[in-house]
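To start, the structure under review is shown below, and the notes come after it.
The values are calculated or read from the model by the stated rules, or taken from the named source; none is laboratory data. Bear in mind that the values here come from a model prediction, so they are computed numbers and not experimental data. Here the Cβ positions follow ideal geometry from the backbone for every residue, glycine too, while neighbour counts run over all protein chains shown.
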Amino acid sequence: MKGSHLFLCLFSMSCWVNLMPTTGNKIFHFGACRVSMSMMEIRSGFTAIKANIQARDPIRNLSILSHPHSLHKVKSSERCCITHHLFNFYVDKVFKHCKTEDSYVNRKISSIANSFLSVRRNLGQCLNVTSAAMKSLGELDILLDWMEKS
């Protein structure tokens, strides 16, 4: 009897520990998705290399993510899908092509990329792929209209 109480106590404690974010991590809500990540670690890594990276930016008069109709107006129900796509873009396209001659900068980029990989994996587990695919296909005319106007 005492053994079963001990087992239950240990099992409950291990479940509780697994649900708690690790030190420095915060739980972010992207629609229905809950993802734990260390924003402080990612920000710290980026802050350390920001000036170096931005000095290499050949297109300084254009900002991709700060446009008024971009991220700030995304509906809560669409945040998981949008965030997953952004993390895919950063992992598959951005980090792979950001190599410098500075090993310190490369290590920071690698650390940020690893954090993004982990978050992307977690987002992928809670993403409703079928729903996202139907939503994207259902709005194909918006993309086509935008392309024709460009």
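Pairs linking a residue in segment 27-40 that is in contact (Cβ under 8 Å) with a residue 60 or more places away in the chain to a residue that is assigned to a strand (DSSP E or B) and surrounded by 12 or more Cβ atoms within 10 Å (Cβ to Cβ), with Cβ atoms under 7 Å and 6 or more positions apart or on different chains, are Val35/Phe28; Met37/Phe28. Among all residues of segment 1-21, there is none that is at pLDDT 60 or above, within 24 Å of Lys108 (Cβ to Cβ), surrounded by 10 or more Cβ atoms within 10 Å (Cβ to Cβ) and not hydrophobic (A, V, I, L, M, F, W, C). Out of everything in segment 47-81 that is β-branched (Val, Ile, Thr) and in contact (Cβ under 8 Å) with a residue 12 or more places away in the chain, what residue ends up being nearest to Lys135 (Cα to Cα)? Among those that are β-branched (Val, Ile, Thr) and in contact (Cβ under 8 Å) with a residue 12 or more places away in the chain, it is Ile53.
Does segment 74-89 include one or more residues that are modelled with pLDDT of 85 or more, more than 21 Å from Ser136 (Cα to Cα) and part of a helix (DSSP H, G or I)? No, segment 74-89 contains no residue that is modelled with pLDDT of 85 or more, more than 21 Å from Ser136 (Cα to Cα) and part of a helix (DSSP H, G or I). Against the test of being at pLDDT 85 or above, of a type outside the set (A, V, I, L, M) and farther than 25 Å from Asn114 by Cα, the options Pro68, Pro58 yield a single qualifying residue, Pro58. Candidates Lys135, Lys93: the one that is surrounded by 10 or more Cβ atoms within 10 Å (Cβ to Cβ), within 29 Å of Arg34 (Cβ to Cβ), touching a residue at least 12 places away in the same chain (Cβ under 8 Å) and out of contact with any Gly (no Cβ under 9 Å at 6 or more places or on another chain) is Lys135. Taking the listed residues Asp141, Asp102, Asp145, the one that is more than 24 Å from Arg34 (Cα to Cα) and loosely packed, with under 10 Cβ neighbours inside 10 Å is Asp141, with no other qualifying.
The set of residues in segment 42-68 that are hydrophobic (A, V, I, L, M, F, W, C), out of contact with any helix residue (DSSP H, G or I) (no Cβ under 8 Å at 6 or more places or on another chain) and in a helix (DSSP H, G or I) comprises Ala51, Ala55.
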